[in-house]
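Participant: Please see the structure below; I have some questions.
The values are calculated or read from the model by the stated rules, or taken from the named source; none is laboratory data. Note that the coordinates shown come from a computational prediction; the quantities given were computed from them, not determined experimentally. Positions of Cβ are backbone-derived with ideal geometry, glycine not excepted, and every protein chain shown enters the neighbour counts. For the accessible areas, the whole protein counts, side chains as well, though only heavy atoms, and no ligand, DNA or RNA atoms are used. Shrake-Rupley method; radii C 1.70, N 1.55, O 1.52, S 1.80 Å.
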Amino acid sequence: MASSPGSTPLAALLLLALFSASAASRFAPVDNHLIACGATGPAVLPDGRRFIPDTGCASMRLRSESSTLPTAAPNAPAAPSPLHAAARVFSCHASYDLAIRRRGHHVLRLHFYPFDATLASARFHVGAGGFLLLHNFTASSPVVKEFLLPVDTDVLALTFVPEAGSAAFVNAIELFSAPEELVGDIGTLVDGDDIIQTDGLSSQVFETLYRINVAGHKVTPFNDTLWRTWVNDEGFLVNKESSGSKAWSFGGRIAYPKGSKLMTREVAPDNVYNSARSVNSEGNLTWAFPVPAGNMYLVRMHFCDIVSKALYQLYFNIYVNGRQAVKDFDISGTTGYLAYPYYIDFVVDLEDEGLLEVAIGGSNMSRAGEVSGFLNAVEIMRMNQTGGGMDGDFPAILDMDYLFSKGIGEFARSLLCGLLFAGLFLVLVTLVVRLRTELKNNGTLWSRQSMDSGDGKLARAYQLVPTKTDY
């Protein structure tokens, strides 16, 4: 059937309006550094982002006395991403100075793809903004390290320091402003039998270890407004054959609250809330995640009721590392809506264990045999151990770049100049004293004498006279 006249222009206008609305709703960070390290030209990703080379960029400066651009072997497999085709290698201390237009929390991602043996064996430290992010780090396989950190300077110094006899490298850098709703200040501390409220989370540095989409497909950066990756939960389920459990998929609309500054698609995308696993009143589900012991962790659990037919039908318990963190959780009483996203932040301290577990279990308040609880997604982030970083205090060799980025550079340079002038003054005084001593030993010194001015008046002057007769 032929289309009516004018339908094609109308369709084009509708498509343009749809595209414009989509573009307008997409997150646009104030600071957005996308850097292809060592590249000779831009690298464009499937999600549309364009990474520029780390040379000749006005908003970024590379400080390095020695860096090289390695090339992959001719028979090496093709790089899985345009970002992995090149790298910047440092044999000594080096820094990227990144201009900051809006202070606050930023997302930092460092891409490491060791395409030759030298890169795979490199061992180094990485610091940023006064925090030690990676200590004695080595990337023997491809990895992306993601951090969420507060930035309170106009320039962020991202510093790489190789271990003695080794090198440091990086393939790509992402640094962009984080939306305010991404970082809360209050969480629930699970400490033994004590479940208490804790604050101060917004001043912490976080390293993302896991981002899990429960019962859903892998979510790629193309489908996430903050360009995150969420993986399926199958590999982390402990009791996969748990009776009374069920996987859910939702095709409706996720009801983000209008005008809310707490819950938006930047917290988590629709594709995360469109799937879930549920348990009945007698069942439970547990997920386990290997993590380094001796750290504190932020566990963010996402909930969006896509399983209920009506409000106030679900009550369930939430467990963190075997401890009941929330009893008889009422998602309807918390949100007041169905398909309405919500999350809870838990803080847990793992002193000896190397495994972090989260679980949901049915409640006696739910109807027997009916769906009692559910979970949509989990994020696990490691918190900085001290005020200095993820693995201890900030080393002095990294701290210098932080001081200069904080604006102390001018003071340091003035202090250095003052010390230099003081040193020169001491040298001058030493020379004068030495000259005076030598003159005294040679029989001459500076003496004050009365002299006749020739008109009967006395004039005073300084005269070099002998103190003993040599003639």
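Participant: What is the packing order of peptides 102-111, 334-343, taking the mean over residues of other C-beta atoms within 10 Å and listing the highest first?
Facilitator: Numbers: 102-111: 19.4, 334-343: 17.6.
Ranking the peptides 102-111, 334-343 by packing returns 102-111, 334-343.
Participant: Separation between the THR153 and HIS135 pseudo-spin-labels, each 7 Å from Cα along Cα→Cβ, expressed in nm?
Facilitator: 2.0
Participant: Looking at region 165-308, what % of its DSSP beta bridges pair antiparallel, to the nearest 5? Walk me through the intermediate numbers first.
Facilitator: Details: 11 of 13 bridges.
Around 85 percent of the beta bridges assigned by DSSP in region 165-308 are antiparallel ones.
Participant: Can I ask one more? For SER202 and ALA247, calculate 0.36 nm times their separation in residues minus their Cα-Cα distance, and state this gained length in nm to one decimal. Kindly include the intermediate steps, with their values, before the conclusion.
Facilitator: Details: separation 45, 0.36 × 45 = 16.20 nm, distance 3.39 nm.
Roughly 12.8 nm would be gained on extension.
Participant: Could you list, in their original order, any pairs among LYS218/LYS258; LYS218/LYS261; LYS218/LYS240 whose Cα atoms are separated by more than 23 Å? Walk me through the intermediate numbers first.
Facilitator: Values: LYS218/LYS258 27 Å; LYS218/LYS261 27 Å; LYS218/LYS240 18 Å.
Correct reply: LYS218/LYS258; LYS218/LYS261.
Participant: Once phi is turned into θ = phi - 60°, what whole-Hz ³J(HN,Hα) does the Karplus curve with 6.51, -1.76 and 1.60 give for every residue of region 86-101, x standing for Gly and Pro?
Facilitator: My calculation for region 86-101 gives 9, 8, 10, 10, 10, 9, 8, 3, 8, 9, 9, 9, 10, 5, 10, 8 Hz in order.
Participant: Further question: Taking the simple approach of a point 7 Å from Cα along Cα-to-Cβ for both LYS327 and LEU69, what is their distance in nm?
Facilitator: Label-label distance for LYS327 and LEU69, simple model: 6.4 nm.
Participant: In addition: Between LEU182 and CYS92, what's the calculated FRET efficiency when r is the beta-carbon distance and R0 is 35 Å? Round to 0.05.
Facilitator: Efficiency, rounded to the nearest 0.05: 0.50.
Participant: ASN239 to ILE195: extension gain in nm, 0.36 nm per residue of separation minus the Cα-Cα distance? Intermediate values should be presented prior to the final figure.
Facilitator: Working: separation 44, 0.36 × 44 = 15.84 nm, distance 2.57 nm.
In short, 13.3 nm is gained.
Participant: Tell me the net charge near ARG102. Cut-off is 12 Å between Cβ atoms, ARG102 excluded, with +1 for each Lys or Arg and -1 for each Asp or Glu.
Facilitator: That works out to -2.
Participant: Carbon-plus-sulfur fraction of the accessible area of region 30-168, 1.4 Å probe, in percent?
Facilitator: Numbers: 3180 of 5950 Å².
Here carbon and sulfur together make up 54 percent of the probe-accessible area.
Participant: Further question on the same structure: Just need log10 I(q)/I(0) for region 109-247 at q = 0.12 Å⁻¹, Debye formula, equal scatterers on the alpha-carbon atoms, no solvent, rounded to two decimals.
Facilitator: -0.70
Participant: Moving on to the next point. Using a simple spin-label model with points 7 Å from Cα along the Cα→Cβ vector, what separation in nm is obtained for LEU431 and ALA288?
Facilitator: 7.7
Participant: What whole-number distance in Å separates the alpha-carbon centres of region 35-109 and region 248-284?
Facilitator: 35
Participant: State whether region 278-354 is rounded, prolate or oblate according to the following rule on the C-alpha gyration tensor (a ≥ b ≥ c being the square roots of its eigenvalues): a/c under 1.5 gives rounded; otherwise a/b larger than b/c gives prolate, and the remaining case gives oblate. Present the calculation step by step, with values, prior to reporting the outcome.
Facilitator: Values: a/c = 2.71, a/b = 2.05, b/c = 1.32.
Note, shape of region 278-354 comes out prolate.
Participant: Considering only the other residues whose Cβ falls under 12 Å of the Cβ of ASP191, what net charge follows from Lys and Arg at +1 and Asp and Glu at -1? Don't jump to the answer; show the numbers that get you there.
Facilitator: Details: positive: ARG323; negative: ASP193, ASP194, ASP349, GLU351.
Local charge sum for ASP191: -3.
Participant: Take the alpha carbon atoms of region 295-325, find their center, do the same for region 204-238, and report the distance between the two centers in whole angstrom.
Facilitator: After rounding, the separation between the Cα centres reads 17 Å.
Participant: While we're here: Using θ = phi - 60° and the Karplus curve 6.51 cos²θ - 1.76 cosθ + 1.60, what whole-Hz ³J(HN,Hα) does each residue of region 342-348 get, with Gly and Pro shown as x?
Facilitator: 7, 9, 10, 9, 10, 10, 9
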